[in-house]
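Engineer: Please see the structure below; I have some questions.
The values are calculated or read from the model by the stated rules, or taken from the named source; none is laboratory data. Values in this document were obtained by computation on a predicted structure and should not be read as measured data. Methodologically, a virtual Cβ is constructed for each residue, glycine included, from the backbone with ideal geometry; neighbour enumeration extends over all protein chains shown.
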Amino acid sequence: MLGIIANPSSGKDIRRLVAQGTVFDNMEKVNIIQRILSVLNYAGVKEICYMQDSYQIVDRAVTYLERNFKINLRIKELEIKYRYEQNDSLLAASSLLQMGASCIVTLGGDGTNRVVAKGCGDTPLIPLSTGTNNVFPVMLEGSVAGFAAAVADIDKKHEYLKLKQKKRLNIYKNGVLVDIALIDAVITEERFIGSRALWEPETIKEIFVTVAKPDSIGMSAIAGSIYPISEDEQKGLYVWLGNNGNVETNAAIAPGLIQNIKIEGYSEIGLEQKVNIKTKTGIVALDGEREITFGKNDKVVIGLSNDGPKVVDVGGTLVAAAKEGYFKGRWR
Amino acid sequence: MKLTNKDLIKLYGDMWLVRLFEARVQDLFASGVLPGFIHLGLGQEACMVGTCFNLEDGDIIGATHREHGVLLMRGVSANAIMAELYGKVTGTCKGKGGSMHTCGLKEGALGNNAILGPGQAIINGFAYAHKFRNNKKVAVTMFGDGASNRGEFHEGLNFASVWNLPTIYIINNNGYAISVPVSKQQKIQDLSARAAGYGIPGVSIDGNDVLTVLETTAEAVKRAREGGGPSLIEFKTYRWRGHFEGDPTPYRTNSELEDWMENRDPIKNFGKDLLEREVLTEKEMKEIIAEQQAIVDAAQKFAEESEWPPESEIYTDVYYNDEGGAQ
């Protein structure tokens, strides 16, 4: 059984105004799902379960395929308590884990995948980018994602399926693990969660990243512009900002929004290492969204671990499958 | 965005003023005191308060019959608005407009336009005047999800886009156009997606979070003032009352309404944040509410004690006089 979680809210926040992001329209998400389902149907994947959403992305895709391509799919809506908000993705991922899903295809940005990662356990993800700052998910044509999902579902022995274990950041507040981040945890002096996004560098005080990528945008790009760290390296980076240092760097912190950033210092973080934050009051933003408030009486600690979600290496998987003749002959 | 405690307290008090004013209007209409037709903005306080916080003297905002609160936030006195709703001569329009047509041009409130759609074209006249005068002022139009399906909305957006006008289009998407749910009005979920068709930025946000509203409109206003052109913002919100007072709302469920009132009340949620961040104490909150209640009480008293317009006023303010205004 294969799962689908598509976030109807990704790609629409204030960064359309303060930067040069564009709206990722939900009809485009429907179209991506159509292409994935077309391949799954062709490959004979029998069972698909999906998270319902306020725009009914998957339902619309199924209706379109039935009406225009005479493709009839056996597809089932997950039975969870829907509130049509962020937590639905967590419940859906947990449900798919319990049901033994072969993999979960996600549509969203870093924020969407962070929530899914909290519930999916070892279930492999195929994260497709439909967000704003996308470091974790990948831009991938829907049909290609469909082929990778088909291999994940049919290749039960994992002969071809190539997986990558991702790192994650663990956020502890007063000794309790309260949340995680897949790419970045940022300490900001903002007082309220408000519009969630980060785009004013003067409010950013500390940055923790699992990957520091100069070929990305957002907080990972800031870290990557001074000290690149790849997905495969078993370490992360901690950067603290301020006017007292002698390092200045330039990075795109949102689409088309390039800022000069003043850095006081940076250091590697090893696996299982924990760092006490320096800032006394503010908000911890996770994967681009302001999430956790803390005050002067709170102790916030951030650590790195290598037990993030497993992600399907789409290219590696399809090459391995091709070499074994998986795509040859008549499929139907 | 940096806000002082004074700013935060003002936002809290302002939202209570809008709510208490609307609640009083609801009661007065139900008692048969107020004439005409009443549409209330209860539940949508954050949209009005957060937006108007960013406006300054010389800016203009036009809204619909549901936004008495916009007039309050632009500085039109509660006394004059309430008197207008009563139909008294001390009202904003000398008692001739009622709830559907209150306004405060002097304060930069174009007023409540009950004809939905045209407001989105008319606003560009004000925006063009601002641009022509190069005065760094903005023009805002606030309307509902249903109006965004009207031709004038699209004409207005196109015009503002082509002329790069300082117009900010704000959709208060409260879930229903009279009785028609959003899902049956258009095939898109986020109305901000329409901005792409006109080459301008579009954003969809939580309209029940006053700080999100404030931050987002601040950016759109800044952009417009600096010559960046128009923006389209969609506030996802919900009206607690029917389309009009007396609407039995058979088109929605009680549980839906209860969910919004219980979990997404903009004032309750903001108040909780203010308590947690030690901006206000519960005692101070009660004092603020009492202050706003006193304003509403005074407005009702003022309206009750005001005179009805004399018969001689019937034919004034009807036609425009070339020599100097309405006659």
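Engineer: Across segment B:104-150, what is the total count of residues that are among the aromatic types (Phe, Trp, Tyr) and within 17 Å of the chain's Cα centre (by Cα)? So that I can check it myself, show each step before the final result.
Structural biologist: Here is the first cut: in segment B:104-150, the ones among the aromatic types (Phe, Trp, Tyr) are B:126, B:128, B:132, B:143.
Next, only the ones that are within 17 Å of the chain's Cα centre (by Cα) stay: B:143.
Selection size over segment B:104-150: 1.
Engineer: I'd like to check which helices (runs of 4 or more DSSP H) are fully inside segment A:46-131 and have at least 3 residues that are more than 30 Å from residue A:305 (Cβ to Cβ) and at pLDDT below 95.
Structural biologist: Correct list: A:57-69.
Engineer: Further, regarding this structure: Only one of these conditions is not met by residue A:237: (1) part of a loop (DSSP other than H, G, I, E, B); (2) within 11 Å of residue A:184 (Cβ to Cβ). Which number is it?
Structural biologist: Condition not satisfied by residue A:237: (1).
Engineer: Within segment A:313-326, can you find the residues that are surrounded by 13 or more Cβ atoms within 10 Å (Cβ to Cβ) and in contact (Cβ under 8 Å) with a residue 24 or more places away in the chain?
Structural biologist: A:313, A:314, A:316, A:317, A:318, A:320, A:321, A:326
Engineer: I'm trying to understand the selection: among the residues of segment A:1-22, which are assigned to a loop (DSSP other than H, G, I, E, B), within 7 Å of another protein chain (Cβ to nearest Cβ) and over 18 Å from the mean Cα position of the chain (by Cα)?
Structural biologist: A:14, A:22
Engineer: In addition: Of everything in segment A:175-203, what is in a strand (DSSP E or B) and of a type in the set (Val, Ile, Thr)? Give them in sequence order.
Structural biologist: A:176, A:178, A:180, A:186, A:187, A:188
Engineer: Every residue in segment B:9-58 that is touching an Asp or Glu at 6+ places or on another chain (Cβ under 9 Å) and of a type in the set (Phe, Trp, Tyr), please.
Structural biologist: Of everything in segment B:9-58, those that are touching an Asp or Glu at 6+ places or on another chain (Cβ under 9 Å) and of a type in the set (Phe, Trp, Tyr) turn out to be B:16, B:29, B:37, B:53.
Engineer: Is it the case, given these coordinates, that residue B:234 is more than 23 Å from the chain's Cα centre (by Cα) and within 10 Å of chain A (Cβ to nearest Cβ)?
Structural biologist: Taking the combined requirement at face value, the residue does not satisfy it.
Engineer: Right, next: What tally of residues in segment B:94-111 results from selecting those that are surrounded by fewer than 21 Cβ atoms within 10 Å (Cβ to Cβ), closer than 20 Å to residue B:24 by Cα and touching a residue at least 40 places away in the same chain (Cβ under 8 Å)?
Structural biologist: Residues meeting the conditions: 1.
Engineer: Next up: I'd like the full set of residues that are more than 9 Å from chain A (Cβ to nearest Cβ), out of contact with any Phe, Trp or Tyr (no Cβ under 9 Å at 6 or more places or on another chain) and of a type in the set (A, V, I, L, M, F, W, C), limited to segment B:187-224.
Structural biologist: Within segment B:187-224, B:191, B:221, B:224 qualify.
Engineer: Among the residues of segment B:24-40, which ones are without any contact (Cβ under 8 Å) to a residue 40 or more places away in the chain and either closer than 30 Å to residue B:280 by Cα or assigned to a helix (DSSP H, G or I) (or both)?
Structural biologist: Of the residues in segment B:24-40, the ones without any contact (Cβ under 8 Å) to a residue 40 or more places away in the chain are B:27, B:31-32.
Scanning segment B:24-40 gives a single hit, B:27.
Engineer: Next question, about the same structure. For segment A:240-277, name all the residues that are in contact (Cβ under 8 Å) with a residue 40 or more places away in the chain, within 16 Å of residue A:185 (Cα to Cα) and crowded, with 16+ Cβ neighbours inside 10 Å.
Structural biologist: Across segment A:240-277, the qualifying residues are A:241, A:253, A:254, A:266, A:269, A:275, A:277.
Engineer: It is to be established whether one or more residues within segment B:49-68 are surrounded by fewer than 24 Cβ atoms within 10 Å (Cβ to Cβ) and on the phi > 0 side of the Ramachandran plot.
Structural biologist: Yes: segment B:49-68 contains one or more residues that are surrounded by fewer than 24 Cβ atoms within 10 Å (Cβ to Cβ) and on the phi > 0 side of the Ramachandran plot.
Engineer: Looking at segment A:44-57, is at least one residue in contact (Cβ under 8 Å) with a residue 60 or more places away in the chain, in the same structural domain as residue A:7 (by TED's automatic domain parsing) and surrounded by 17 or more Cβ atoms within 10 Å (Cβ to Cβ)?
Structural biologist: yes
Engineer: Quick check on my filter: what residues within segment B:150-187 are part of a helix (DSSP H, G or I), modelled with pLDDT of 95 or more and within 30 Å of residue B:265 (Cβ to Cβ)?
Structural biologist: The one that is part of a helix (DSSP H, G or I), modelled with pLDDT of 95 or more and within 30 Å of residue B:265 (Cβ to Cβ): B:153.
Engineer: Here's a check for you: in segment B:237-275, which residue that is among the charged types (D, E, K, R) and assigned to a loop (DSSP other than H, G, I, E, B) is nearest to the other protein chains (Cβ to nearest Cβ)?
Structural biologist: Checking each candidate, the answer is B:264.
Engineer: Tell me, which residue of segment B:166-186 that is of a type in the set (A, V, I, L, M) and within 11 Å of chain A (Cβ to nearest Cβ) is nearest to the chain's Cα centre (by Cα)? Full working, then the answer.
Structural biologist: Step one: filter segment B:166-186 for residues of a type in the set (A, V, I, L, M), giving B:168, B:170-171, B:177-178, B:180, B:182.
Still in the running and within 11 Å of chain A (Cβ to nearest Cβ): B:168, B:182.
On the way: B:168: 13, B:182: 20 Å.
Checked segment B:166-186; the qualifying residue nearest to the chain's Cα centre (by Cα) is B:168.
Engineer: Further, regarding this structure: Does segment B:229-257 hold any residues that are under 14 Å from residue B:207 (Cα atoms) and of a type in the set (Val, Ile, Thr), and which are they?
Structural biologist: Within segment B:229-257, B:233, B:237 qualify.
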